[in-house]
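Each reported figure results from applying straightforward, stated rules to the coordinates on display, with no laboratory input. Small disclaimer: the values here were computed from a predicted structure and weren't measured. Cβ coordinates were reconstructed from backbone atoms using ideal geometry, including for glycine residues, and neighbour counts include every protein chain displayed.
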Amino acid sequence: MRFFPQSLRKFVLGGVISAMLLSTGNLYSQAQKNWKDQAEYDLYVSITKATAPDQQLQLLNQWKEKYPESDYKLERAQTYLVIHQKKNDPAGLYTSCKDLLALDPKSFQALYFITLLTVSMNKNDAEGLDAGAKAANGLIGILDATYDAGKKPAGTTDAQWKQQRNDIEVQAVKTLGWVEWQKKNYPGAEQQFVKALGINAGNAEMSYFLGTVIALQKDPKRQAEAMWHFARAGNLDGPGALDAARKTQVSKYFERVYTSFAGDDKKEMAEVISRATTNVMPPADFKIKSKEEKMAENAEKFKSENPMLYQYMEIKKALLDAAGGAAYWDSLKDAELPTFKGKLVSTKPETNPKELVLAVESADQPEVTLVLEKPLRGKADPGTEIEFTGVAKEYTKEPYGLKLEVDNEKLKGWPVQAPAPKAPAKKSAPAAKKGAKK
């Protein structure tokens, strides 16, 4: 996912850029040169009077064809640049910039647009990358020399000049980083994008580029760092934020990457976004736990808090394993298993049962059948917790079920049944009184 400017016009703003860009109205205010003849001068005049860029371009082509070695070929090359820029024609602008640099290697205008166009036109062949790097470095050199000498454009405050200089330098450093990126020199690209963020911390695109080249280095220890920059790029607001469509795209990209790596924990994800949008770089100890790490931690916690259930689930997991389940059952059959607990689901028969069906992992899903040595006395309600130690005798995979033989002495939890009440004693007939008639 790469973001390139949709229009070159958005780069040509006020201040230092417009001060250094030329227009057709002031191209020829330099020292007088010689026209080859009146026809060349008349052709030049027709260009200055034309208002439509296409008409100007047609007349420029005539001029170049008829007078290739004109004393004004430098000015003509500058005019080509301006006209192609007016037409919002990247390909024509790129060519005109190269032609201008052949005549004037320090042309600010040509260096500036080559720097931008290298990235926006995806000039990733060897020639394009070399031209882009040279242009970006040349642009930085001019900026440094101009700024250090205090030669700010007229009508520009010190603060404006510094801001405009920084904006242009970020573009140059961005191109240098992008060139290294295309060369697969990801650490070199990373250095440049970090530098760009040092100049303008609010540049969301640089955060996205930085996250990308970190991720491309495929260092598992730095995945959290890459996601930090994706979170920042997709959620940063302010002057340096991505446009709405790009911002949404990067934000969703971060969510996909984060969820794939760490799971769908919305609260944790929101915390990462909050920290990333308020800090350019993650702290040295920043970490996002992977799903595997969380599972391992949860397993350890579960193991310590529920050792009996954990051990049962490990046995179940081994039995259900597609590759080794059968062999594991062979080793388990006729062996006494560890002590487990389960919830009573049903009994057979309902009163004085000799078989108990228990749910172990869940509250009501039957999984284990206990076959008792002798019937239990009475009955128990479903959900009664039973603790048992038994010998594995039968196993089914679908549905999962385990049958154990259990000595009654190794079963706990069956409710003690009150003895049956004794029948009331029969009353004997009263003895007959003496002297009574029979």
Exercise for the section: Take the Cα of GLU127, step 7 Å along the line toward its Cβ, and report every residue of region 58-95 whose backbone nitrogen sits under 19 Å from that point. Expected result: 90-95
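Kirkwood hydrodynamic radius (Cα pairs, Å) of the chain?
Values: mean 1/r = 0.0339 Å⁻¹.
Mean inverse Cα-Cα distance, inverted, gives 29.5 Å.
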Problem - Residues SER70, SER331 arranged by fewest to most Cβ contacts within 10 Å - result: SER331, SER70
Practice task
Calculate the spin-label point distance for SER346 paired with GLU373, positioning each point 7 Å from the Cα along the beta-carbon direction, and give it in nanometres.
Solution key: 2.7
Handout entry: Pairwise label distance in nanometres, ALA149 with LYS301, each label 7 Å out on the Cα-Cβ vector
Key = 6.5
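Need the full-extension length gain, THR95 to ALA363, defined as separation in residues times 0.36 nm minus the C-alpha distance. One decimal, nm.
Values: separation 268, 0.36 × 268 = 96.48 nm, distance 7.47 nm.
My answer for the length gained is 89.0 nm.
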Handout entry: Label-point separation, LEU216 to LYS33 (7 Å along Cα→Cβ), nm
Key = 4.1
Handout entry: Between region 242-290 and region 61-130, the Cα center-to-center distance that results, in Å
Key = 41
Problem - Order of GLU65, GLU373 - criterion: other Cβ atoms within 10 Å of each residue's Cβ, fewest first - result: GLU65, GLU373
Problem - Residue order, fewest to most surrounding Cβ atoms within 10 angstrom, among TRP181, TRP161, TRP329 - result: TRP329, TRP161, TRP181
Handout entry: Principal-axis tilt of helix 307-320 within the chain, Cα atoms, nearest 10 degrees
Key = 80
Exercise for the section: Determine the distance separating the Cα centre of region 167-205 from the Cα centre of region 211-235; give it in Å without decimals. Expected result: 15
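To the nearest 20 debye, what charge dipole does region 8-278 have about its Cα centre, counting +1 at the Cβ of each Lys and Arg and -1 at the Cβ of each Asp and Glu?
Charge dipole of region 8-278: 280 debye, to the nearest 20.
So what is the calculated 222 nm ellipticity per residue for the chain, using -39500 (n - 2.57) for each DSSP H run with n of 4 or more, over all residues, to the nearest 500 deg cm²/dmol? Before the final figure, lay out each step's value.
Numbers: 16 runs with 230 residues, N = 438.
That calculation yields -17000 deg cm²/dmol at 222 nm.
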Completion exercise
Excluding residues fewer than 8 positions from LYS162 in its own chain, the aspartates and glutamates with Cα under 20 Å of it are ASP144, ASP148
Practice task
Place the peptides 302-313, 336-347 in order of packing, highest mean first, counting for every residue the other Cβ atoms within 10 Å and averaging per peptide.
Solution key: 336-347, 302-313
Exercise for the section: Sort 270-277, 204-211, 167-174 for me by packing, meaning the mean count of neighbouring Cβ atoms within 10 Å per residue, highest on top. Expected result: 204-211, 167-174, 270-277
Exercise for the section: Report the one residue of LEU319, PRO68, LEU129 whose Cα lies farthest in the direction of the positive end of the charge dipole of the chain (charges on C-beta: Lys and Arg +1, Asp and Glu -1; origin at the Cα centre). Expected result: LEU319
Completion exercise
Given the candidates GLN56, GLY141, ALA201, the one whose Cα lies deepest towards the positive end of the charge dipole of the chain, counting +1 at each Lys or Arg C-beta and -1 at each Asp or Glu C-beta, is ALA201
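When Lys and Arg each count +1 and Asp and Glu each count -1, what net charge do the other residues less than 14 Å away from THR396, Cβ to Cβ, add up to? Don't skip to the end; give the middle numbers.
Working: positive: LYS316, LYS333, LYS393, LYS397, LYS403; negative: GLU367, GLU394, GLU398.
My count for the surroundings of THR396 gives +2.
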Practice task
Note the count of lysine pairs whose C-alpha atoms are less than 14 angstrom apart in region 86-158, limited to pairs 8 or more residues apart or on different chains.
Solution key: 5
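Taking R0 as 41 Å, what FRET efficiency do you get between GLU271 and ALA327 from their Cβ-Cβ distance, rounded to the nearest 0.05? Numbers along the way, then the final one.
Working: r = 45 Å, r/R0 = 1.10.
The value I calculate is 0.35.
Provide the gained length on full extension for the span LEU74 to GLN249, in nm with one decimal, where the gain is 0.36 nm per separating residue minus the Cα-Cα distance.
On the way: separation 175, 0.36 × 175 = 63.00 nm, distance 4.38 nm.
That works out to 58.6 nm of additional length.
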Problem - ³J(HN,Hα) computed for each position of region 145-161 - Karplus, 6.51 cos²θ - 1.76 cosθ + 1.60, integer Hz, glycine/proline x - result: 5, 5, 5, 5, 7, x, 8, 7, x, 4, x, 10, 6, 4, 5, 5, 5
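If the chain between ASP264 and ASP407 were fully stretched, how many nm would it gain, using 0.36 nm times the residue separation less the Cα-Cα distance?
Working: separation 143, 0.36 × 143 = 51.48 nm, distance 4.64 nm.
Here the segment from ASP264 to ASP407 would lengthen by 46.8 nm.
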Handout entry: Hz values of 3J(HN,Hα) by residue in region 356-370 - Karplus curve (6.51, -1.76, 1.60), Gly and Pro given as x
Key = 10, 10, 10, 9, 10, 6, 10, 7, 9, 8, x, 9, 10, 10, 9
Exercise for the section: Assuming R0 = 41 Å, can you tell me the calculated FRET efficiency for the pair ASP285 and LYS183, based on Cβ-Cβ distance, to the nearest 0.05? Expected result: 0.80
Problem - Neighbourhood net charge (13 Å Cβ-Cβ; Lys/Arg +1, Asp/Glu -1) for GLY198 - result: 0
Fill in the blank from the handout: Counting sequence-distant residues (5 or more places) and residues on other chains, those with an amide H built under 5 Å from that of VAL345 are VAL357, LEU358, ALA359, GLY383
